[in-house]
Structures are given as C-alpha cells and as structure tokens.
Amino acid sequence: MKLAQLFGQGKTVFSCEVFPPKRDMPIDSIYTTLDGLKDIHPDFISVTYGAGGSKVNQTTREIASIIENKYHIPAMAHLTCVGADKNDVDQLLADLKADGVENILALRGDVNPDVPPKTDFAHASDLVTYIRSHSDFGVSAACYPEGHLESPDMVSDIRHLKEKVDAGAQHLVSQLFFDNEDFFRFLERCRIAGINVPIEAGIMPVLSQASIQRMVSMCGASMPSKLTRILARYGDHPDALREAGIAYAIDQISDLIAGGVDGIHLYTMNNPAVAQQIAGSISSIRRV
C-alpha cells in the first residue's frame, strides 16, 4: 500500500519510527521492538537509514522487509543520497521492490566532513525526482517546522520543501518539535505556498535529559518554557522525567489531533513500552 492512500479516510494516521540495531547486536533484536509495536496497530512503520555504509543500508532493507512480510504492516524505508550514487539507489530500490516494500522516505542525509559526498544527488529533491521517474514507489520526504539548520530563513525552507513536493513527494514527515504553535504556523505557511500533501507531525517523547539535549543540538528544535521547567525539575530523577516526558508527548498529540493534523509520527527510539503507553492514552482520541 502506498502511504498517501492512508490519509483522508476520516481518521488521524498514527505511525512509528524504528532504527536498526547497533552493529554489535544481531538484527533479531529488532523483533522485541516490533512485537511491542504491532499491538498498538500503527498505520505504518518507518526504518531509519543510519550512517556508515552498506551494512546499515542492507539492515534497513531487511527490517523493512520483516515489517512488511512478517508483521503485515506497511513499511517505509529511509534512503539517504549524500553517500549514494545512481547505481547504489538502483540496487536498493530493486532489493526493496523484491521484498514487497512500496514506500521510501527520500532524504539527503547528514554530510560527514571526513567523507566526500557523492555527486549524483545534491539535494533530497533530486532523489525524489529520480525515484519517481525510475520506479513506482510511494515517495515521502522530510520537513522542518522550525526550518532546516542549513536554511537561512523559513521562506527559503518552504521554497525548498515545495521543490520536493513538486518533484513528486506525496507525503511529508516532520522533524521533532516541542511547541505545537510552531507546527501550526508551519502548516499554515505550507498551505499558503501550495503544499497540499499530507503532513505528519513528528513527536519524540522526552525520556532522558542528556538524549534530548543531544537531539536538540543536532536538529535545532527550540525548547519551550514548559518543557524547560520539566527538565529543570525532573532531569536528575529518571523515573519522574520519564512520566513527565510521556505526559508532555500525550498532551502534544492530543492538541495536534484536536487541531486537525493529518497524522502523528512517533519517534519510538525502539522503546515499545513507551509507544504502548502513549498509544493507549490516545486510543479514543485517534478515532474521533
């Protein structure tokens, strides 16, 4: 199933993201995560591409195939192009097609200053164009409610996002954010710019002060005062922070659904217990 078909059916799409196990762990360890996620009935599950070469790429493909064929849940495989040429992309697309995976999240990927990028695809929009013209995959792309770190301003960021949609991206997934007003402003700008594809809100529960500070430094998401207070009060108390972080995510999701968001994409960090708790708390909200 192409993911764009999930939207417009009278309900809020709810999806999850997982990442491949670390290199020193067997791929079978992903089953613990997927066994927990299947019980919350996500509309689809995405698998990150990771970094570091063909082994990770192959693992992404394998996990996407497991999701699609063992769990019978639509899978979306991430594909970054910063380190890939057309032959690499052709091979991965052929492998995914053979596995029955129908959906790709097309990304540029982070540039490694120690590794010269390949030159076939300068931007994610180039990858979107290539996939759409050489295959029948459903193609999604990333968006940034507060702007990409490399964009000089939101006007430029929205313009580049429009290029990805015009190139053929049928669905967008947002980077994490913690202030819903940022997302609603972003959504309004997108619609004014003529970006009318479904846009899912990416939500990451705050479970660790160190990990969330690391993520914020990497992606540039702002920290609203409400979340800053939570971190200041509970940052040194892991169990309390976990409870407060989950409650914060549930509050975000409830408000986003009330505001008519197309979908919620939950960054699970391979923690199915947290995903189950959040999904259980919004089960009725999702159906309204």
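The values are calculated or read from the model by the stated rules, or taken from the named source; none is laboratory data. Small disclaimer: the values here were computed from a predicted structure and weren't measured. Reconstructed Cβ throughout: ideal geometry from the backbone, glycine too, with neighbour counts over all protein chains shown.
Quick look at the numbers
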item: Residue count, the stretch 105-164 (criterion: within 17 Å of the chain's Cα centre (by Cα), free of Cβ contacts under 8 Å to residues at least 40 places away in the same chain and not in a loop (DSSP other than H, G, I, E, B)); result: 4
item: Subset of the stretch 92-103 (residues that are outside any strand (DSSP E or B) and surrounded by 14 or more Cβ atoms within 10 Å (Cβ to Cβ)); result: LEU92, LEU93, ASP95, LEU96, ASP99, VAL101, GLU102
item: Count of the stretch 225-242 residues which are surrounded by 15 or more Cβ atoms within 10 Å (Cβ to Cβ) and either in contact with a Phe, Trp or Tyr (Cβ under 9 Å, 6 or more places away or on another chain) or not in a helix (DSSP H, G or I) (or both); result: 5
item: Lone unmet requirement of (1) of a type outside the set (Lys, Arg); (2) modelled with pLDDT of 95 or more; (3) under 25 Å from ARG23 (Cβ atoms); (4) touching a strand residue (DSSP E or B) at 6+ places or on another chain (Cβ under 9 Å) for ASP110; result: (2)
item: Cβ pairs under 7 Å, 6+ apart, first in the stretch 220-234 and within 14 Å of SER208 (Cα to Cα), second part of a helix (DSSP H, G or I) and of a type outside the set (Val, Ile, Thr); result: LEU227/TYR248; ILE230/ALA244; ILE230/TYR248; LEU231/GLN209; TYR234/ALA240; TYR234/LEU241; TYR234/ALA244
item: ALA106 being loosely packed, with under 12 Cβ neighbours inside 10 Å and either closer than 22 Å to LEU3 by Cα or charged (D, E, K, R) (or both); result: no
item: Residue within the stretch 179-198 that is under 30 Å from GLN91 (Cβ atoms) and either touching an Asp or Glu at 6+ places or on another chain (Cβ under 6 Å) or not in a helix (DSSP H, G or I) (or both) present; result: yes
item: Single condition GLY220 does not satisfy, out of (1) surrounded by 13 or more Cβ atoms within 10 Å (Cβ to Cβ); (2) under 29 Å from LYS11 (Cα atoms); result: (2)
item: Residues (over 20 Å from GLY36 (Cα atoms) and not in a loop (DSSP other than H, G, I, E, B)) located in the stretch 254-274; result: SER254, ASP255, LEU256, ILE257, ALA258, GLY263
